[in-house]
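Each remark here refers to the structure printed beneath this line.
Only the coordinates and a few stated rules stand behind these numbers; no lab work does. Every value quoted in this text rests on a predicted model; they were computed, and no experiment measured them. Ideal geometry is used to build each Cβ from the backbone, glycine not excepted, and the neighbour counts take in all protein chains shown.
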């Protein structure tokens with residue numbers, strides 16, 4: 001059964017970790033996969049765009065690229081007889097006619113990862129090389145865009161604010177979607193990863209899940225990054241695989257900073273249980 | 001309008017569209033570019049994508065809001081502009097998209113990359129999208145090199161003797177941050193097309209020669225480490241490095257042309273010095289990357 005399996009999230013919410021876990025699960029042996037040669041890449045590349053559309057995206061305007069992406073994604077899905085895992089940091093948006101950017105006819109299902117914005121703020125500040133105040137402003141920015149892949153040519157993706165991003169995906173009714181909290185992946189990895197693997201169509205034994213988790217341990221990823229670097233790291237930021245903790249915000253954010261984030265995103269945090277836990 | 005004559009990629013062209021990015025030419029044109037009616041579809045296309053249809057001999061490109069373009073037999077490019085399409089967008093489509101298809105239909109070896117020349121030697125910088133070949137080429141212009149071509153690099157392999165790079169589109173295409181890095185203080189308003197992010201850098205020096213002997217090919221990759229590394233490659237390694245840099249559309253799946261590209265790439269790898277340059281991501285170390293490269297190739 002083919003179709004796109006979306007690995008969707010706001011940045012720094014566990015998307016890369018899950019992607020590496022799935023790559024290890026799909027790998028033919030127990031050797032940890034190379035983080036710089038992942039079978040599930042960052043996203044479709046400029047070469048993919050050109051192969052499917054016939055046009056070099058580096059010659060197009062952002063509006064032209066944006067308009068063509070849904071058709072490119074449909075073409076990508078129809079050209080593969082296997083599920084196509086595609087990472088996306090884009091909010092669930094629609095065009096002027098109401099058609100979703102993530103085309104339904106090309107979609108098999110979506111895995112939506114969500115993380116407490118207090119911890120997202122800390123992690124994202126390291127990733128972007130911003131101070132906390134600027135990162136807080138980024139988290140509330142509905143015009144916030146992120147790189148769609150390694151080449152500038154394929155255009156930026158509209159992530160929006162943390163609340164808008166999360167809200168847009170939680171309200172998706174027309175797509176089979178599983179919402180997974182980063183905190184649950186950390187606290188109950190075997191159960192959480194087993195559930196998401198089954199959801200995306202990779203039912204596996206507990207032993208296989210354990211082996212994939214072992215190969216995807218943070219220490220393993222950090223060791224690889226220290227030795228060989230990580231191609232998805234933002235050159236202006238710090239290390240990509242840093243702490244992966246739940247509740248790090250408690251030792252990093254001031255009370256006022258945490259309160260600002262709660263004020264900005266209180267409604268969505270309440271909905272996800274982030275005002276009383278973590 | 002009377003067609004103008006140009007010379008690009010070793011081909012003589014005539015065009016009813018003004019193409020100031022190309023060198024003037026003369027003689028009997030091998031490729032004719034003209035504005036004409038273009039059919040909305042091809043009969044019995046072998047391949048179809050979001051914006052193209054292709055048969056063995058023809059490719060139809062459709063860029064919404066800009067034009068339909070029909071490229072035939074490696075000899076003709078027909079352009080039907082959509083109402084309101086601007087001249088820069090039409091030129092962009094013809095120069096960087098359609099001419100590439102022409103060259104592939106003619107069986108020419110075209111690499112994705114740039115070439116710069118110094119004292120009768122051409123250095124080709126090839127690599128995947130985002131590897132920074134245009135940025136490196138622009139930085140080398142500051143070291144006294146002259147621009148030969150950017151984005152598309154046509155390599156000519158005579159039966160005997162040296163491989164040569166032909167002068168092509170000499171304007172460099174750069175992202176705004178790259179332009180700022182290689183030309184601090186330069187105006188960044190010359191866009192490739194209206195509303196396009198990429199900027200055009202008109203080189204201060206263009207090669208006076210229409211074709212230059214290739215002595216070195218550097219395959220550029222965006223590395224994952226902070227350090228820059230440039231290693232010499234030989235034999236199969238050199239061939240394997242160059243082969244993916246071939247600028248070939250997958251919908252022109254002519255086995256004869258594919259075999260020719262394979263053979264030509266092998267010959268090219270045998271006739272020039274080949275390097276793999278892993279450069280750190282970002283532009284902060286650009287000067288160091290240039291130094292490393294120049295040191296390695298011995299300029």
Taking the stretch A:29-139, how much of its Cα-Cα pair set, in percent, is spaced more than 25 angstrom apart?
41
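When a/c reaches 1.5 or more, the comparison of a/b and b/c decides; with that in mind, is the stretch A:183-278 rounded, prolate or oblate per its Cα gyration tensor? Please list the in-between numbers first.
Numbers: a/c = 2.48, a/b = 1.28, b/c = 1.95.
The shape class here is oblate.
So for chain B, averaging the separation of alpha carbon pairs under 8 Å that are six or more residues apart and normalising by length, what relative contact order in percent results? Each step should come with its number before you reach the end.
On the way: 648 pairs, mean separation 48.2, N = 299.
Reported as a whole number, the value is 16 percent.
Normalising by the residue count of the stretch A:28-132, find the relative contact order in percent from Cα pairs under 8 Å and 6+ residues apart. Please list the in-between numbers first.
Values: 54 pairs, mean separation 21.9, N = 105.
With pairs under 8 Å counted, the relative contact order is 21 percent.
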Based on the alpha carbon coordinates of the stretch A:204-246, what radius of gyration and maximum Cα-Cα distance (Dmax) apply, in Å?
12.7, 40
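Hey, any idea what the orientation-averaged projected area of the convex hull of the protein assembly as shown's Cα atoms comes to, in nm²? Each step should come with its number before you reach the end.
On the way: hull surface 109.3 nm².
Over every viewing direction, the Cα hull of the protein assembly as shown projects on average to 27.3 nm².
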Would you compute the Debye intensity of chain A from its alpha-carbon atoms alone, equal scatterers and no solvent, and pass along log10 I(q)/I(0) at q = 0.08, 0.13 Å⁻¹ to two decimals?
-0.32, -0.90
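Tell me the mean residue ellipticity at 222 nm calculated for chain A from its helices only (DSSP H runs of n ≥ 4, each -39500 (n - 2.57), averaged over every residue, nearest 500). Show your work: numbers first, answer last.
Numbers: 12 runs with 125 residues, N = 278.
Helices in chain A give a 222 nm mean residue ellipticity of -13500 deg cm²/dmol.
Taking chain B, how much of its Cα-Cα pair set, in percent, is spaced more than 24 angstrom apart? If you can, show how the numbers build up before the last one.
Working: 22839 of 44551 pairs.
That tail contains 51 percent of the Cα-Cα pairs.
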The simple spin-label model distance between residue B:121 and residue A:63, using points 7 Å out along Cα→Cβ, in nm, is 4.8
Helical contribution to [θ] at 222 nm, DSSP H n ≥ 4, -39,500 (n - 2.57), averaged over chain B, rounded to 500
-6500 deg cm²/dmol
Determine the gain in length on full extension of the stretch residue A:256-residue A:131; use 0.36 nm per residue of separation and subtract their C-alpha separation, reporting nm with one decimal.
43.5 nm
Cα centroid separation - the stretch A:135-191 against the stretch B:267-299, whole Å:
38
Return A:61, B:285 ranked ascending by Cβ neighbour count within 10 Å, so the fewest neighbours appear first.
B:285, A:61
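Which whole-number percent is the relative contact order of chain A (Cα, under 8 Å, 6+ apart)? Spell out each step's value before the answer.
Values: 434 pairs, mean separation 72.8, N = 278.
Reported relative contact order: 26 percent.
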Cα-based Rg (one decimal) and Dmax (whole number) for the stretch A:116-263, in Å?
17.0, 46
Arrange A:87, B:225 by Cβ neighbour counts within 10 Å, fewest through most, would you?
B:225, A:87
How long are the semi-axes of the ellipsoid equivalent to the stretch B:61-103, from square roots of 5 times the Cα gyration tensor eigenvalues, in whole Å, largest first?
18, 10, 7
